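Worksheet for the structure shown next.
Derivation of every value follows stated rules applied to the coordinates shown; laboratory data play no part. It should be emphasised that the depicted structure is a prediction, and the values quoted were computed from it without experimental measurement. Cβ: placed from backbone, ideal geometry, glycine included. Neighbour counts: every protein chain shown.
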Amino acid sequence: MAAPQGSQPRVVIAHISDLHFGGFADLQQIEGLEEFLPSLGATALVISGDVSQRARHGEFQAAHMFLYRLRQRLPALIVPGNHDIEWWKSPFGLLGEQRKYTKYLRYFAELRPELEVPGGIIVGALSGYGVALGSLTWNLRDMAVKGHLPRSETNRVRKIFSKASPDLAKVLVVHHNVLAGGTGRMGLARWRSAHRRLLETGADVILCGHDHYEGAGQIEGGVAVSTSGTHSYRQRGGRPSVFNLVTVEETSVHIQHFRWVADERQFIPSDKFSFARKGAPKVAVSVAGGDQGL
Ligand SMILES: [Fe+2]
Ligand SMILES: [Fe+2]
């Protein structure tokens, strides 16, 4: 996957999500990821949340060791998902906001991590608040599942990106899927407002998960979105698991899917989608909506 001439700088992110350590984790895939990810020549690894099933110590410990081993090979950033939050310890934040994140923070240092790598800056935004006013919808089943993006989060990310060098690729990570994708369901409550504010952050690409269904798309107005699948047995519709390799070049963003083939116990390259990079000089390729097959 060599970059076309003159398209530097180039940042490559191995984007995985929803490992769900616990009863549903597919250990063959986890082992496969551990072997395969370091071979992709990625600049960094991103895990977009839901590393656990029930925010249990054992699940976090397994996830911690997985990440610890991969961090020996490449820099990594992780954000929490709705499954990683003990929301029942402080519903509606009544007993304080920190209580629900205490266990996660014992194993993973930050709720809003930042990572600078050669050619890029990666920033995590918190979208998981458990049972919280901002995440409520008219569907009661969404209660502890939906996420939301407060204005304070998008403002914080916008400031970080605006202070960073214009040469750096800006990568934003949230757990909840920001596009409806394969399941037709939005991960975020009040998503129209979130979309407007996500566009204002200046991100070149948004990495998310939660949907358990891979996706590559674009928020209307121009920012590319990578949705990674799950490596648990809870894929939607019995489809094979997929993770994404995301490449940000000077004028474009490429999202390459890698599909798990259970019989062969390996990930193989699958579909690839390419999008124009927002704000980048329009020198070559890409139209809004993606020019597949590049
Ligand atoms: Fe999940
Ligand atoms: Fe989730």
Once amide H atoms are placed 1.01 Å from N in the peptide plane, what residues at a sequence separation of 5 or more from residue 241, or on another chain, have their amide H within under 5 Å of its amide H? 260
Per-residue Cβ neighbour rank within 10 angstrom, fewest leading, 231, 257: 257, 231
Shape of region 68-183 from its Cα gyration tensor (a ≥ b ≥ c, root eigenvalues): rounded if a/c is under 1.5, otherwise prolate when a/b > b/c, or oblate? prolate
Taking amide H atoms as placed 1.01 Å from N in the peptide plane, list the residues 5 or more away in sequence, or in a different chain, whose amide H sits under 5 Å from that of residue 271. 257
Within 12 Å, Cβ to Cβ, of residue 11, how many net charges do the neighbouring residues add up to if Lys/Arg are +1 and Asp/Glu are -1? -2
For the chain, fraction of C-alpha pairs farther apart than 25 Å, in %: 42 percent
Residue-wise, which Karplus ³J(HN,Hα) couplings in Hz belong to region 92-100, taking 6.51 cos²θ - 1.76 cosθ + 1.60, θ = phi - 60°, and x for glycine or proline? 6, x, 4, 9, x, 6, 6, 3, 6
If the chain between residue 239 and residue 185 were fully stretched, how many nm would it gain, using 0.36 nm times the residue separation less the Cα-Cα distance? 17.7 nm
Give me the percent relative contact order of the chain, please, defined on Cα pairs under 8 angstrom at least 6 residues apart. 18 percent
Filtered pair list for the chain (Lys only, Cα < 25 Å, 8 or more apart or interchain) has a length of 14
What FRET efficiency comes out for the pair residue 109/residue 155, r = Cβ-Cβ distance, R0 = 22 Å, nearest 0.05? 0.45
Check each of the GluC sites (Glu not before Pro) in region 211-264 and keep only those in coil by DSSP with at most 14 other C-beta atoms within 10 angstrom; list them in order. 220
